[in-house]
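None of the figures in this text is laboratory data; all of them are computed from the coordinates on show. Because the structure is predicted, anything quoted here is derived from the model rather than measured. Methodologically, a virtual Cβ is constructed for each residue, glycine included, from the backbone with ideal geometry; neighbour enumeration extends over all protein chains shown.
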Amino acid sequence: MGMETEAGWTHREARVNGVRLHWVEAGEGMPVVLLHGFPEFWWGWRRQIQPLADAGFRVIAPDLRGYNLSEKPRGVGAYRIRTLVADVEALIRHTGAQRAHVVGHDWGGVIAWWLAMQAPERVERLAVLNAPHPRAFRREIRTADQMRRSWYAMAFQLPVLPEMALRANGFRLLESIFRAESVRPGAFADDDLRRYREAAARPGALTAMINYYRAAARYPRPPTRTIPHPTLLIWGERDQALRVQMTEGLEPWVPEIRVERLPQASHWVAAEFAERVTELLAGFLGGG
């Protein structure tokens, strides 16, 4: 299915890996798959889609399963990491490509790390924004500071209450996730927050979104493997939820890693410093 949207972008949807996924597509060339995080959807890449298309890439920005217009399977087990990785691998195959550049932020970044380890033949180059490599997270979660920062992930293990809290007062808490942490005024316009509210208000969406965290706590993760791809890690140093130390000591697991730390950016680095992030991505994915 295709439908024109902003700036000539096309909405598409298809059943891949047993789930109906929706995505936005723009441009032609080597595929670049942009994976959003919590609590966004494809709109989280609104400032990168057209510039990357103009740079000669075929940009594919999906709503991950459970989000916005994609299908929302019931049950925590539908959101384990192996399944999320299989969704992206199947989406790449569905586009007709053997390999793609993969870029992920937050949960999308977690999926990107695991995709590069579990299906390396599908990945050309890897770029991750403010999402820890699994080994780095395992190392840092032992610190008191990171445990304090990760309180919300623990709270999300409760049934029903997290959904009620995020929905209360017209999704005020959901909105605060963006505006309370963002350190650059104007990074999120009122229209952006309206879109995020509407996506989260879709039937079953909030539970599906939170089930990513519940599944991560309940199901064992696959073994980590060395990532053979050129990798770019972009990190907003003012991230309130993740220690900047997560960017350090990754070479044993990611030998070809390059780290770009943005001291003035928060977790929402792609929204706050869109031009810089786009410049870094376009240069790196183009072979720079």
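Phe171 falls short on exactly one of the conditions (1) in a helix (DSSP H, G or I); (2) surrounded by fewer than 18 Cβ atoms within 10 Å (Cβ to Cβ), and that condition is (2). Arg15 meets each of the listed conditions (1) without any contact (Cβ under 8 Å) to a residue 40 or more places away in the chain; (2) in contact with an Asp or Glu (Cβ under 6 Å, 6 or more places away or on another chain) apart from (2).
Rundown of residues vs (1) assigned to a strand (DSSP E or B); (2) more than 15 Å from the chain's Cα centre (by Cα), yes/no style:
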{"residue": "Pro31", "(1), (2)": "yes, yes"}
{"residue": "Pro39", "(1), (2)": "no, no"}
{"residue": "Gly96", "(1), (2)": "no, yes"}
{"residue": "His101", "(1), (2)": "yes, no"}
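Cβ separations smaller than 7 Å between residues 6+ apart or across chains give the following pairs from the range 247-260 residues that are in contact (Cβ under 8 Å) with a residue 12 or more places away in the chain and surrounded by 13 or more Cβ atoms within 10 Å (Cβ to Cβ) to residues that are of a type in the set (D, E, K, R) and in a strand (DSSP E or B): Thr247/Arg261. With respect to Arg184, determine if the residue is within 21 Å of Val269 (Cα to Cα) and of a type in the set (Lys, Arg). Answer is yes for this residue.
Of the residues making up the range 152-162, those that are outside any loop (DSSP other than H, G, I, E, B) and more than 20 Å from the chain's Cα centre (by Cα) are Ala155, Leu161, Pro162.
The sole residue among Arg82, Arg125 that is surrounded by fewer than 23 Cβ atoms within 10 Å (Cβ to Cβ), in a strand (DSSP E or B) and at negative phi is Arg125.
Can you spot a residue in the range 212-219 that is crowded, with 16+ Cβ neighbours inside 10 Å, farther than 22 Å from Leu84 by Cα and in contact (Cβ under 8 Å) with a residue 12 or more places away in the chain?
no
Out of curiosity, is Ala153 of a type in the set (Gly, Ala, Ser) and surrounded by 22 or more Cβ atoms within 10 Å (Cβ to Cβ)? Here the answer is no, as Ala153 does not meet what is asked. For the range 192-212, the count of residues that are within 18 Å of the chain's Cα centre (by Cα) and in a loop (DSSP other than H, G, I, E, B) is zero.
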